[in-house]
Structure formats: C-alpha cells, structure tokens
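Only one structure is covered here, and it is reproduced in the block below.
The values are calculated or read from the model by the stated rules, or taken from the named source; none is laboratory data. Being a predicted model, the structure only gives us computed values, none of them experimental. As a convention, Cβ positions derive from the backbone with ideal geometry for all residues, glycine included, and neighbour counts pool all protein chains shown. Side chains included, ligands, DNA and RNA excluded: accessible areas come from the protein's heavy atoms. Shrake-Rupley method; radii C 1.70, N 1.55, O 1.52, S 1.80 Å.
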Amino acid sequence: MALDGVRVLDAASMLAGPYGATLLGDLGADVVKLEPPAGDETRRFGPRTEDESAVFVGINRNKRSVVADLRSDEGRSVLGALLDWADVVVENLRPRAKLALGLDFESLHARNPRLISVGVSAFGADGPYAGRPGTDPVAQALSGLMSVTGFADPVKAGPPIADAVSSLLVAVGALSALYARERTGEGQRVDVALIDGLIHVQAPYTGEYFLLGAQHPRTGNAIDWYAPYNAYRCGDGRFVHLVGYNDKFFRNVCEAIGQPALADDERFASNADRLAHREELDALIGAWVGARDRDEALAVLWEHDVIVGPVNEYAEVFADPQVVHNEMVVDVGGGLRVTGVPVRLSATPGAVRRRPPALGEHTAEVLAELGIPA
C-alpha cells in the first residue's frame, strides 16, 4: 500500500483530526488512536447500539486503539514512546493543553526532529481567535457558508462539512510534509483550521465577491448561473436534480420531455433568456417530471444524455450500483458496514483493513511493540 511503513499517532478527538488520520490509514499507514480512559468524545454521543456509537464507527476505521491516562506518569511515558515511534502526530488540543502535554511543535521537534505535527483547530493556531472553542456549525457560520446555503434563511449543511473538508486537508498536509522530509530530513508543523477549509470550498462564490463586490444570494436548490438547475418532485414523491448548463444540454432536456421546440423558443433561446424565465421553465420541466415515477423519469432523461441524478436517501445510496462498484460500502464483519476508501491508486490501492476499534482494544499489543509493560 502507498503508505506502508508510515506511522501515525491519532491524538485528536471528535471528527476532523481523527477522520484525517483515518484517510492516512486507508492508504496503508499504521494508525494508533490514543484515547483517555473514558474514550474519544464521539464514543459518547449520537445514535448508538448498546456497544458502539454511530459517529465513532463512521469516523474511525483502520486504527488501533490505545488507552492511557495522560494525567499519570505512566500515561505520559506511553505518550512519549508513541511520539518517538510516530512519523506523524495529529492533534486538536487548545494551546494551553498542548503546552502542558508537550505537544506544542517546539517540544515535539526537540524530542523527535523527524516528527510531523498536524494541528487542527476551529480558527487557526494563532491570531485573535486562537484558543477559542469551536465546532463544525460555528465554522460554517463564521466562514460565510451558511450565508449562501438555504432558501429565505441561512441553513447549516446537513453533515459536518467543515470537519470533512478539514480531514482532507489533514491528509494533504501530512503527505506534503512527508514528501518534504524526504529532501530535508526534518519534520514540520502543519496547521489546519476549519474556517480556512470552508473558505477554500467556496471559491466560485468568493470569486464573485472579490471581482464584483457581490454577496452570493441563497438560491435553495437552484443557482443564478444557468437554468435549468433545480430539484423536481416526481409522481411518486421522490426527487431528481437536473442541470442544463449550456445550449446542448438544454436541447437534450427539451427532447427528453417531448418538447424539442422549446430549445428555439425565444424565452429559452440563450442561457440569459432561460434565467430570465426560470420559473416558467421550472414549471414545464416540473410538470413532465411530476407525471412520472422517478425511475421512469430518470430512464428517459438518461437516454437523452441529460445531466440528472436521483435525490437518494442512504438506503438507496448504498444499494446504488455505482456506489457498490466504487466499493464505497465495506462489510467489516459482525454485521457492521463502513464507508470505503474515496481515492483509488492503481498500483498501491488503499483498503479497509480494520473495523473501528473497541476502546483500548490494542493497548497491550501496541505497548508490547513499544517495549512497555502493559
């Protein structure tokens, strides 16, 4: 695997840092998750069975779990041994806690000059908001993402998008620093802030602001760039989302719904015309879609090369033939499924090798490898 031999200490909690460590594990790294005696915060909230939290299970595949009480001398010795063992450490502690545990970069670099430290925070490692507590919805609010999401009022994105984006940046930062270490022999500090990741993903809208000084409006399931672009209710109550961003694809839509003349109608002749008459256009497409079950509508639209997809719920997502083909759902045994590896390498592919660990499941195993009596 691509990251065979790379050792990662996941000393973070919650979502962004741990999920970034998971992605490194997906690509072959040996990831040890260091947890307090009560376990990671995500073991204790959200939907759960008697034994497992859905949030923890969703985030923490491909890891071994070690429990150590860092308030004790023995726990500190375990942390020190793991820092000597690791190539990368991922953490999301606030500055005071970092200093107390010796997890600030200066202390880490003095101890292990080759160690790469990836720190995750809501706002940044320094600056006026450094050290403030923050979570995903706060980052969505401050970064402007909520201001461009929703209909009349701002709406938070459903899943924790700030954490998910930051997890990718954790992996990118760690891999970049590993590559640089091949040349320099030295580790370095990598800082990831939730608000920075969300500003990054809004590039088309921030480009509009910087170029024109305009705040992008909330447009629900539509957009003010081109039409048609919307979610349409089918006759069985389910939805499809359809896009026709140029004349070619709009003509395909017109042919699919049995009204090819609409492509030459003066109301819809150009994208500017279609935007100006968007409500009329949505009504025409909505009437056609609404007269058919979703599967029937999709079959006709796909046959005519229309850009369209079903608005799926999770039962449909994980039964979808393309999702199954992409191996984005993996059975890890015991009736438990987790999501798969979202990047595919042809020669050194990643894999889900470990189910999410029980709390402290691998403590004795890892301590034995470190030469520490359990």
* Structure fact -> Probe 1.4 Å, heavy atoms of protein chains only: per residue, the accessible area of the chain in Å² is 50 Å²
* Can you give the accessible area of Val66, probe radius 1.4 Å, in Å² rounded to 10? -> 0 Å²
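Please report, in whole Å³, the volume per residue of the convex hull around the C-alpha atoms of segment 1-157.
140 Å³
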* Sorted by accessible area with a 1.4 angstrom probe, largest first, how do Phe123, Phe318 fall? -> Phe318, Phe123
* Could you state how much accessible area Trp288 has, in square angstrom rounded to the nearest 10, with a 1.4 Å probe and all protein chains kept in place? => 30 Å²
* Structure fact -> Taking only protein heavy atoms and a 1.4 Å probe, the highest-to-lowest accessible-area order of Arg354, Arg96, Arg233 is Arg96, Arg233, Arg354
* Under a 10 Å cutoff between Cα atoms, tell me which one of Ala139, Ala351, Ala283 has the largest fluctuation in the Gaussian network model of the chain. => Ala283
* Could you check how much of the accessible area of the chain is carbon and sulfur, as a whole percent, using a 1.4 Å probe? => 55 percent
* To do: Could you give the spread of the C-alpha atoms of segment 300-342 along their three principal axes, from largest to smallest, in whole angstroms?
  => 43, 18, 13
* Please list, or write none, the aspartates and glutamates whose alpha carbon is within less than 16 Å of the alpha carbon of Lys156, excluding same-chain residues fewer than 8 places away. => Asp136
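Just to check, using Stokes-Einstein with a Kirkwood Rh over alpha carbon pairs, what's the diffusion coefficient of the chain at 10 °C and 1.306 mPa s in µm²/s?
On the way: Rh = 23.4 Å.
Once the numbers are plugged in, D ends up at 68 µm²/s.
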* Structure fact -> Ignoring ligands and nucleic acids, Lys98 exposes an accessible area, probe 1.4 Å, in Å² to the nearest 10, of 40 Å²
* Under 18 Å from the Cα of Lys33, which lysines turn up, not counting those fewer than eight places away in the same chain? -> Lys63, Lys98
* Asked: Between Asp30, Asp69, Asp320, which gets the highest mean-square fluctuation from a Gaussian network model of the chain, Cα cutoff 10 Å?
  -> Asp320
* Could you tell me which of His362, Ile161, Tyr205 has its Cα farthest along the dipole of the chain towards the positive end, charges placed at Cβ (Lys, Arg +1; Asp, Glu -1), taken about the Cα centre? => His362
* To do: With 10 Å bins from zero, work out the P(r) of segment 61-128 over every alpha carbon pair and list the percent per bin.
  => 18, 51, 28, 3
* **Helix axis angle, 294-303 relative to the chain longest principal axis, alpha carbon, degrees** => 80 degrees
* Net charge dipole size for the chain [Lys, Arg +1 and Asp, Glu -1 on Cβ; Debye, nearest 20] -> 920 debye
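Kindly provide the GluC sites (Glu not before Pro) of segment 9-58 that DSSP labels as loop, not H, G, I, E or B, and whose Cβ sees at most 11 other Cβ atoms within 10 Å.
When the GluC sites (Glu not before Pro) of segment 9-58 are filtered for loop state and at most 11 Cβ neighbours within 10 Å, Glu50 remain.
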* Asked: Based on the Cβ-Cβ distance from Thr219 to Asp273, what FRET efficiency comes out when R0 is 30 Å, to the nearest 0.05?
  -> 0.95
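How big is the Kirkwood radius of segment 1-84, worked out from every pair of different alpha carbons and given in Å to one decimal? Please list the in-between numbers first.
On the way: mean 1/r = 0.0750 Å⁻¹.
Hydrodynamic radius (Kirkwood, Cα pairs) of segment 1-84 is 13.3 Å.
Once the cut-off is 17 Å, how many percent of the Cα-Cα pairs in segment 229-371 end up in the long-distance tail? Please report the intermediate quantities before stating the final value.
On the way: 7097 of 10153 pairs.
That tail contains 70 percent of the Cα-Cα pairs.
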* Structure fact -> Using alpha carbon positions and the Kirkwood radius, the Rg to Rh ratio of segment 74-187 is 1.06
* Structure fact -> About its Cα centre, segment 257-354 carries a charge dipole, from +1 on Lys and Arg Cβ atoms and -1 on Asp and Glu Cβ atoms, whose size in debye to the nearest 20 is 760 debye
